[in-house]
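Worksheet: the structure to be examined is printed underneath.
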Amino acid sequence: MKKLLIFGSIIVALFAAISFITSYQQKQAAKNNPYHKEELDPATVAQLDDPNYQNIILPNELEQKLKNKETVTVYFYSPTCPHCKKITPIVVPLAKQMGIDLKMFNLLEFEDGWDKYHIDGTPTLVHYEKGKEVKRIDGYHEKAVFRDWFSSIQHSNK
């Protein structure tokens with residue numbers, strides 16, 4: 001019985017150590033992050049170095065752009081969304097190629113965005129002109145559909 005208790009204690013200690021190390025590593029990875037938050041969801045931490053997730057926009061920045069009646073195109077996504085994981089490597093390079101400054105809004109980190117911007121599901125792309133929503137596309141689509149959507153917003157800006 002004594003051996004079992006010692007063995008059990010060692011296992012609990014190992015799990016505690018692993019948990020501490022994992023938490024510490026995530027906090028270190030989240031340091032000086034572009035989200036300006038002390039703690040990030042592990043799925044967000046995993047995307048910090050991904051080139052497709054670098055053009056983020058924070059809630060106060062988006063709010064200010066809309067208040068200033070600016071034109072902005074926003075990709076509302078979640079790092080845990082399987083459709084977003086498929087779409088992001090398509091739409092981000094496509095937008096860049098077409099000269100569209102596609103801002104990334106992380107709904108996992110900023111959950112208020114769901115209600116504030118009337119997002120029903122991810123991925124959702126919204127184009128605002130003069131601070132007002134003028135065009136939206138959501139869900140999974142083929143590359144050609146997104147190309148046409150981006151093309152339509154390019155023409156509306158001219």
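The values are calculated or read from the model by the stated rules, or taken from the named source; none is laboratory data. These figures come from a predicted structure and were not determined experimentally. Heavy atoms of the whole protein, side chains included, go into the accessibility calculation; ligands, DNA and RNA do not. Shrake-Rupley method; radii C 1.70, N 1.55, O 1.52, S 1.80 Å.
Numbers for the structure displayed
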| quantity | calculated |
| --- | --- |
| Crossing angle, helix 2-30 versus the chain [Cα axis fit, 0-90 degrees, rounded to tens] | 30 |
| Between helix 143-156 and the chain: long-axis angle, C-alpha atoms, 0 to 90°, nearest 10 | 50 |
| Angle in degrees between helix 82-97 and the longest Cα principal axis of the chain, rounded to the nearest 10 | 50 |
| Residue among H83, H141, H118 with the largest mean-square fluctuation in a Gaussian network model of the chain, springs linking Cα atoms under 10 Å | H118 |
| Area accessible to solvent at D120, 1.4 Å probe radius, in Å² | 150 |
| DSSP bridge orientation in the chain - percent antiparallel, rounded to nearest 5 | 65 |
| Solvent-accessible surface (1.4 angstrom probe) belonging to K132, in square angstrom, nearest 10 | 130 |
| Percent of C-alpha pairs per 10 Å bin, the chain, short to long | 10, 34, 28, 12, 8, 5, 2, 0 |
| For K103, solvent-accessible area (1.4 Å; no DNA, RNA or ligand), Å² | 40 |
| Greater than 20 Å apart at Cα, pairs in K65/K116; K37/K86; K65/K135 | K37/K86 |
| Accessible-area ranking of K85, K143, largest first, probe 1.4 Å | K85, K143 |
| Heavy-atom accessible area order for V45, V145, largest first, 1.4 Å probe | V145, V45 |
